[in-house]
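Scroll down for the structure; my scribbles are underneath it.
The values are calculated or read from the model by the stated rules, or taken from the named source; none is laboratory data. Since the structure is predicted, the reported quantities are computational estimates derived from the model, not experimental observations. All Cβ positions, glycine included, derive from the backbone under ideal geometry; neighbour counts span all protein chains shown. Each accessible area value is taken on the protein alone, full model and side chains, heavy atoms only, with ligands, DNA and RNA left out. Shrake-Rupley method; radii C 1.70, N 1.55, O 1.52, S 1.80 Å.
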Amino acid sequence: MTDQPIQVLLVDDHSMLRDGLRSLLEARDEIQVIGEAGTGREAVQITQEKKPDIVILDLGLPDINGLDVIELLIEKHPKVKIVVLSMHISREHVSKAIEAGAVGYIPKSSTHSSLLEAIQVVAQGESFLHPKATSALLNSITDPTSQEVRLKKLSEREIEVIRLTAMGLTSRESGLRLEISPKTVDTYRARAMEKLEIQQRSELIRFVLQAGLLDDIIEQ
């Protein structure tokens, strides 16, 4: 550690929360809050101007998706460290934040000591995951109901069929695209639904969306 305080930018659209965090952090001599932002655009602008060491970031911003903000900040300022402070603690939120480039993840329900510890750890070049965030990631590996585990039960062709089903294609249209008969499409779909323990087509479509099988289409 250097003698210079750790410079922190607070990014959250709730001013009262930012005020509370500022009071907490400024009580520590080794931490200096150099700015606040209520939107993603403000976060990018202030980071450009003041170059903080660490950005404490809420994912639920009103203008830009928090994950996109992480990528923008790191693209423009590779040395900045992002610590997510979020009310969401699911596997999806934690894993996507880490994939985007965050090096820390803390639930808003956590104690103040967790945030202070995260700042100290991240400032030393290490990563920090709150125990709840770690549990969310580990549970997704061992939980037989997680999308990843359930997807592994399906063959490649079964995945293709349920993906086309979720896209709204009929059995005939799916068959033409996959060069198989409509009856074979129905067989693959029924087999996939049985493996996934899904009864209704609406449930199947929800599973396809949650598993990210249509992400490439939605993002276009």
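Structural remarks
- Residue within the stretch 150-169 that is open to solvent by 70 Å² or more (accessible area, probe 1.4 Å), of a type in the set (A, V, I, L, M, F, W, C) and under 22 Å from Lys96 (Cα atoms) present: no
So that you can scan it fast, the table gives a plain yes or no per residue for (1) assigned to a loop (DSSP other than H, G, I, E, B); (2) touching a residue at least 12 places away in the same chain (Cβ under 8 Å); (3) open to solvent by less than 80 Å² (accessible area, probe 1.4 Å); (4) under 24 Å from His112 (Cβ atoms):
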{"position": "Gln45", "(1), (2), (3), (4)": "no, no, no, no"}
{"position": "Gln48", "(1), (2), (3), (4)": "no, yes, no, no"}
{"position": "Pro52", "(1), (2), (3), (4)": "yes, yes, yes, yes"}
{"position": "Val55", "(1), (2), (3), (4)": "no, yes, yes, yes"}
{"position": "Asp63", "(1), (2), (3), (4)": "yes, yes, yes, no"}
{"position": "Val69", "(1), (2), (3), (4)": "no, yes, yes, yes"}
{"position": "Leu72", "(1), (2), (3), (4)": "no, yes, yes, no"}
{"position": "Val84", "(1), (2), (3), (4)": "no, yes, yes, yes"}
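- Any chance Ala118 is open to solvent by less than 80 Å² (accessible area, probe 1.4 Å), assigned to a helix (DSSP H, G or I), out of contact with any helix residue (DSSP H, G or I) (no Cβ under 9 Å at 6 or more places or on another chain) and under 16 Å from Asp58 (Cα atoms): yes
- Hits in the stretch 86-101 (condition: open to solvent by 10 Å² or more (accessible area, probe 1.4 Å) and on the phi < 0 side of the Ramachandran plot): Met87, His88, Ile89, Ser90, Arg91, Glu92, His93, Ser95, Lys96, Ile98, Glu99, Ala100
- Total residues in the stretch 1-34, condition in a strand (DSSP E or B) and farther than 21 Å from Leu67 by Cβ: 6
- Of all residues making up the stretch 170-196, the number that are under 33 Å from the mean Cα position of the chain (by Cα), buried (at least 18 other Cβ atoms within 10 Å of the Cβ) and among the small types (Gly, Ala, Ser): 2
- Glu117 being among the acidic types (Asp, Glu) and more than 15 Å from the chain's Cα centre (by Cα): yes
- Filtered residue count, the stretch 86-103, keeping only those that are among the hydroxyl-bearing types (Ser, Thr, Tyr) and either within 18 Å of Asp13 (Cα to Cα) or outside any loop (DSSP other than H, G, I, E, B) (or both): 2
- Which numbered condition Thr111 misses (of (1) more than 16 Å from the chain's Cα centre (by Cα); (2) β-branched (Val, Ile, Thr); (3) surrounded by 17 or more Cβ atoms within 10 Å (Cβ to Cβ)): (3)
- Residue match in the stretch 20-36 (condition: touching a residue at least 40 places away in the same chain (Cβ under 8 Å) and touching an Asp or Glu at 6+ places or on another chain (Cβ under 8 Å)): yes
- In the stretch 12-30, of all residues being open to solvent by less than 70 Å² (accessible area, probe 1.4 Å) and charged (D, E, K, R), the one that is nearest to the chain's Cα centre (by Cα) corresponds to Asp12.
- Restricted to helices (runs of 4 or more DSSP H) entirely inside the stretch 129-220, those with at least 2 residues that are at pLDDT below 90 are 131-142, 147-151, 201-210, 215-218.
- Residue count for the stretch 31-41, restricted to those that are more than 18 Å from the chain's Cα centre (by Cα), buried (at least 18 other Cβ atoms within 10 Å of the Cβ) and farther than 13 Å from Val8 by Cα: 1
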